[in-house]
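One structure is given below, encoded as structure tokens.
The values are calculated or read from the model by the stated rules, or taken from the named source; none is laboratory data. On a predicted model such as this, the values are computed, not experimentally measured, just so you know. Cβ atoms come from the backbone with ideal geometry, glycine included; neighbour counts cover every protein chain shown. Note: accessible area is taken over every heavy atom of the protein model, side chains too, but ligands, DNA and RNA are not part of it. Shrake-Rupley method; radii C 1.70, N 1.55, O 1.52, S 1.80 Å.
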Amino acid sequence: MQSTVEKILSVHRWNDGLFSFTVSRPASFRFLSGQFVMLGLPVDGKPLLRAYSMASQHYAEELEFLSIIVPDGPLTSRLQHIKPGDDLLLGVKAVGSLVLDALLPGKNLHMIGTGTGLAPWMSLIRDPDVYARFDKVTVQHTVRNLEDLAYRELLDSKLADDPLVSEEAALKLHYDWVATRVNGASSGDCRRITDRLRDGSYPLDPAIDRVMLCGSMAMIKETAALLDDMGFTEGAMSHPGSYVLERAFVG
């Protein structure tokens, strides 16, 4: 895997187990909103790389990523100690299926994620093309605890300070969150999205709705199965469909 050595520019600690960080961006690095790249650190003289979705805008001068901390994780146990000025390995090519061109035209875009599966949505909701293609854009974020709601203030504000999409986001962006370990903690219905899809309280129509999935393997597989039963079809760049998921994060 080809990679370049970049610099850590900033680190933000959301809580003891969750942090985001920004990295210098090579002039040649290009990506589509929703894609991921391999990044990591040298360990015992060899590169240790994992897939991370970009949380930054595709046009941003810096690259931003969101990471959990797994205490015994080969990479995150080391990555948690990064500080501005440190080196980081960054893959030279971005890839991934969570992109607009993998979806058929539709009316509503539903981005469903758990945990750090929020990262690609942060890139997409700040892309003007998203609002040009859809009348309604929804971010569904499920976490365990309230402090796991990264970027909550930004999402609650509907990107009020964003110079490119603030007007469109004010009209079209909807943010729906659930904290499963806090009784009744949600922005609306406190049940998991899969339960709401199953009983029809979160209705989706394959004729007009488009869905993106990212996060835990269990959520992605369960939700994808429900979508299949509803008549949705999985899409890719080569054959657009009515929903997409990121298989790089699904074992």
- [ ] Please find, within the stretch 171-194, the residue that is nearest to A132 (Cα to Cα) out of those that are outside any loop (DSSP other than H, G, I, E, B) and open to solvent by 60 Å² or more (accessible area, probe 1.4 Å).
- [x] L171
Open item on the list: Conditions first: (1) of a type outside the set (V, I, T); (2) more than 18 Å from V143 (Cα to Cα); (3) open to solvent by less than 60 Å² (accessible area, probe 1.4 Å). L164 passes all but one, so which condition is the exception?
Closed with: (3)
TODO: Output the strands (runs of 3 or more DSSP E) that fall wholly within the stretch 1-85 and possess 2 or more residues being in contact (Cβ under 8 Å) with a residue 60 or more places away in the chain and open to solvent by 30 Å² or more (accessible area, probe 1.4 Å), or say none.
DONE: 3-15
Open item on the list: For the stretch 114-130, give me each residue that is open to solvent by less than 10 Å² (accessible area, probe 1.4 Å) and either of a type in the set (F, W, Y) or outside any loop (DSSP other than H, G, I, E, B) (or both).
Closed with: G117, L118, A119, P120, W121, M122, S123, L124, V130
Open item on the list: Here's a check for you: in the stretch 224-251, which residue that is part of a loop (DSSP other than H, G, I, E, B) and of a type in the set (A, V, I, L, M) is most open to solvent (accessible area, probe 1.4 Å)?
Closed with: M237
Open item on the list: Considering only the stretch 94-105, I want to know if a residue exists there that is under 22 Å from R13 (Cβ atoms) and either more than 20 Å from the chain's Cα centre (by Cα) or without any contact (Cβ under 8 Å) to a residue 60 or more places away in the chain (or both).
Closed with: no
Task: Residue selected from the stretch 198-223 under the condition open to solvent by 10 Å² or more (accessible area, probe 1.4 Å) and part of a helix (DSSP H, G or I), by the criterion nearest to M54 (Cα to Cα) - done: M217
- [ ] Taking V43 as meeting all but one of (1) among the β-branched types (V, I, T); (2) closer than 19 Å to T114 by Cα; (3) at pLDDT below 95, write down the number of the exception.
- [x] (2)
TODO: Please name all residue pairs, on different chains or six or more residues apart, with Cβ atoms under 7 Å, provided the first residue is in the stretch 108-126 and is under 24 Å from N145 (Cβ atoms) and polar (S, T, N, Q) and the second residue is open to solvent by 10 Å² or more (accessible area, probe 1.4 Å) and part of a helix (DSSP H, G or I).
DONE: T114/M219
